[in-house]
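Below is one structure, written out as structure tokens, with a few remarks after it.
The values are calculated or read from the model by the stated rules, or taken from the named source; none is laboratory data. Note that the structure is predicted; figures quoted are calculated from it, not measured. With ideal geometry, Cβ positions are generated from the backbone for all residues, glycine too; neighbour counts draw on all protein chains shown.
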Amino acid sequence: MVIVGIVGVHQESTIISMFRKIISRTDKKFSVIECCDFHSSTPPGITLRNYINELEKNKVDIAIVKITAKYISKGTYEGIKFNILVYDNVEKYYDKLLQKEWLVYQKKIFSKMERDDIAIINIDDETVLELLQGSKMCVITYGLSSKVTITVSSIIQDSNSSTIIYCLQRTISTIGKKSIDPQEFSIKLSSLSDKDIYTTLAAVTTALVCDVDIKLTQALSL
């Protein structure tokens, strides 16, 4: 089972919502875990690790876990081997002390990643470089600059819709060790803010890295 961690500040993640739409088009069995408080719906004492072990026994292909600083500090993710981490934060920090505290917790998750693991990172976020210091994992960068692995080569707008051209500029490897060569394809979006673009790049890249057929991500309408 592939375990994908979505690392961010807020409990809800638009990346998870979009990734769910993409993965629902496949025959892959998946589970999304956005809240780690199991006591309201499961027997007392059930931990996230127990829950994920049960998913694996039930032949789930992909588990998507929302990771927040709150639960890192509680030790909720101890003993869980994440294969893919996606850094979900494009907002500016206004509280510098809180920013520093979040980064300390988030770095605990990144520091446990190994060479065969993959991080999908928004390099436009200035705080992310601190998370990558000393990391061993494979890093795939996305953003709106020309130097990243994945960007948007063009934007097409008309009266009814907006379309971005997803641009993979360098070959990347999937979690299943398959290579995806540089290419471009179109994705239709219902709205076109910077956040929507970042979310799309992250979610589509995560799907590709999880060995989702690239044809299922082309000409998407999200």
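Side notes on the structure shown:
- Of all residues in the range 101-121 being outside any strand (DSSP E or B) and among the aliphatic types (A, V, I, L, M), the one that is surrounded by the most Cβ atoms within 10 Å (Cβ to Cβ): Met113
- Test: residue in the range 122-131 that is more than 23 Å from Cys210 (Cα to Cα) and in a strand (DSSP E or B): no
- Thr149 passes every criterion in (1) polar (S, T, N, Q); (2) modelled with pLDDT of 85 or more; (3) closer than 19 Å to Ser13 by Cα apart from (3).
- Residues within the range 189-219 that are closer than 16 Å to Thr14 by Cα and either loosely packed, with under 15 Cβ neighbours inside 10 Å or modelled with pLDDT under 80 (or both), tallied: 6
- Checking every residue in the range 92-100 against the condition of being touching a helix residue (DSSP H, G or I) at 6+ places or on another chain (Cβ under 8 Å) and either within 20 Å of Leu201 (Cβ to Cβ) or at pLDDT 90 or above (or both) gives zero matches.
- Filter pass, Ile156 being out of contact with any Cys (no Cβ under 8 Å at 6 or more places or on another chain), hydrophobic (A, V, I, L, M, F, W, C) and in contact (Cβ under 8 Å) with a residue 60 or more places away in the chain: no
- Counting the residues of the range 48-76 that are of a type in the set (Gly, Ala, Ser) and free of Cβ contacts under 8 Å to residues at least 24 places away in the same chain gives 1.
- Filtered by the rule that a residue be out of contact with any strand residue (DSSP E or B) (no Cβ under 7 Å at 6 or more places or on another chain) and either of a type in the set (Ser, Thr, Tyr) or assigned to a loop (DSSP other than H, G, I, E, B) (or both), the range 52-67 gives Asn58, Lys59.
- Cross-chain or 6+ apart pairs with Cβ under 8 Å, the range 193-222 first and among the charged types (D, E, K, R), then modelled with pLDDT of 80 or more and in a loop (DSSP other than H, G, I, E, B): Asp194/Leu144; Asp211/Thr174; Asp211/Ile175; Asp211/Gly176; Asp211/Lys178; Asp213/Thr26
- Residues of the range 125-155 satisfying the condition of being surrounded by fewer than 16 Cβ atoms within 10 Å (Cβ to Cβ) and under 25 Å from Lys188 (Cβ atoms): Leu144, Ser145, Ser146, Ser153, Ser154, Ile155
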